[in-house]
Amino acid sequence: MAKTGREKNTKNKSKHTKLMTRKKNKKKSEEALRKERLKVIIQKANSQSNND
């Protein structure tokens with residue numbers, strides 16, 4: 001029998017999609033931030049080794 005009334009599960013699906021995109025964006029931004037920090041550290045190390 002078909003379910004009557006409002007659609008099944010559409011609200012939860014949209015919430016889940018929203019949360020998953022938020023999670024993915026957070027992970028991407030954290031990875032980018034980490035890469036930037038590593039670049040700065042590597043540049044400092046290289047400049048110190050060149051000066052010595």
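Values in this text are rule-based calculations from the coordinates and carry no lab data. Only a predicted model underlies this, so the values are computations on that prediction, with no experimental measurement involved. Backbone-built Cβ (ideal geometry, glycine too); neighbour counts: all protein chains shown.
Computed from Cα atoms, the angle from the helix 10-51 axis to the main principal axis of the chain rounds to 0 degrees.
The region of the chain that goes longest without hitting one of the trypsin sites (Lys or Arg not before Pro) in a DSSP loop, each with at most 10 other Cβ atoms within 10 Å, is 9-52. Shape verdict for the chain, please, from the Cα gyration tensor: rounded (a/c under 1.5), prolate (a/b greater than b/c) or oblate. Since a/c reaches 1.5 and a/b is larger than b/c, the shape of the chain is classed as prolate. Positive end of the dipole of the chain (Cβ unit charges, origin at the Cα centre): among Gly5, Ser47, Leu19, the Cα lying farthest that way belongs to Gly5. Listed by chain and number, the lysines whose alpha-carbon sits under 21 Å from that of Lys23, ignoring those within fewer than 8 places in the same chain, are Lys11, Lys13, Lys15, Lys35. The helix-based estimate of mean residue ellipticity at 222 nm for the chain, built from -39,500 (n - 2.57) per DSSP H run of four or more residues and divided by its residue count, is -30000 deg cm²/dmol to the nearest 500.
In straight-distance terms, cross-link reach from Lys28 covers every one of the lysines whose alpha-carbon lies under 17 Å from its own, apart from those fewer than eight places away in the same chain; here that gives Lys18, Lys39.
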